[in-house]
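The structure is given below, and queries will be raised subsequently.
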């Protein structure tokens, strides 16, 4: 199943609970689109050793925890060497998600060459063909990324060193986490299309699978227009 914002929210919660306070022990780039972070969780979170697998392959982007190791090349790519310099032995402060975007932000605290504490962010964008792994400084400026995106490739956002990182605001969708009851009812009343399609079109975080499951659990026909739902069904 493809990652949607709601699925990423569940993943983010698991990673936040498991990895916060842990230290990044090793970093390996096992393929041109893959990273594996070996992490030693904090003692109060079980200790031991975990591997966080990050993949930005456009055909199958993935993020998951595993205890299985993967073979890395003898010569690490430049992006991997950069992450080792700035993140290896760093402590994970948090794992967050902006709204219900398909984005994870892993904030890491570490010491620089002068011994001063610094903060960097490793961003994992799980967005199908737009997936990427991006390394940011503490001002959300791009230091580097596993995939470079120039203005010739995207007119919406460049992903290049020195550019500011932001989430493209290309869709005028509402955030279900901050939506009001009145706002939700208004969306349903104006929706002259099937309810699952309306939810996907109107709110961030919803995939077709999640929207259909929501209708099934509410005992609603997926083919029925949202505008034709009764007051009781809308509630």
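I want to verify the translational diffusion coefficient of segment 133-194 in µm²/s; compute it with Stokes-Einstein, Rh as the Kirkwood radius over Cα pairs, at 20 °C and 1.002 mPa s. Intermediate results must be reported in sequence, preceding the final value.
Details: Rh = 14.6 Å.
Answer, rounded: 147 µm²/s.
Right, here's the next one. With the Cα gyration tensor of segment 18-57 giving a ≥ b ≥ c as the square roots of its eigenvalues, does the rule (a/c under 1.5 for rounded; else a/b larger than b/c for prolate; else oblate) give rounded, prolate or oblate?
Note, shape of segment 18-57 comes out prolate.
State, as an integer percentage, the relative contact order of the chain based on alpha-carbon contacts under 8 Å between residues 6 or more apart. Please report the intermediate quantities before stating the final value.
Working: 452 pairs, mean separation 34.6, N = 235.
Taking the mean separation of contacting Cα pairs over the length of the chain, I get 15 percent.
Shape of segment 163-209 from its Cα gyration tensor (a ≥ b ≥ c, root eigenvalues): rounded if a/c is under 1.5, otherwise prolate when a/b > b/c, or oblate?
prolate
Note down the nm distance, to one decimal, between modelled labels 7 Å out along Cα→Cβ at residue 186 and at residue 158.
Here the answer is 3.9 nm between the modelled labels.
While we're here: Can you give the three extents of the C-alpha atoms in segment 2-79 along their principal axes, from longest to shortest, in whole Å?
Each principal axis gives a Cα extent; for segment 2-79 these are 35, 30, 20 Å.
May I pose another question? Taking only Cα atoms of the chain, what ratio of Rg to Rh do you get with Rh as the Kirkwood inverse-distance radius?
My calculation puts Rg/Rh at 1.04.
Regarding segment 181-234, what are the three Cα extents along the principal axes, ordered largest first, in Å?
Taking the Cα atoms of segment 181-234, the three principal extents are 24, 22, 18 Å.
Going from the alpha-carbon gyration tensor of segment 76-121, what semi-axes, largest first and in whole Å, does one get by taking the root of 5 times each eigenvalue? Don't jump to the answer; show the numbers that get you there.
Working: eigenvalues 98, 44, 9 Å².
Equivalent ellipsoid of segment 76-121: 22, 15, 7 Å, largest first.
Bear in mind these aren't lab numbers, they're just calculated from the coordinates by the rules spelled out. None of the values given here were measured: they were computed from a predicted structure. So basically every Cβ, Gly included, is an ideal-geometry build from the backbone, and we count neighbours across all protein chains shown.
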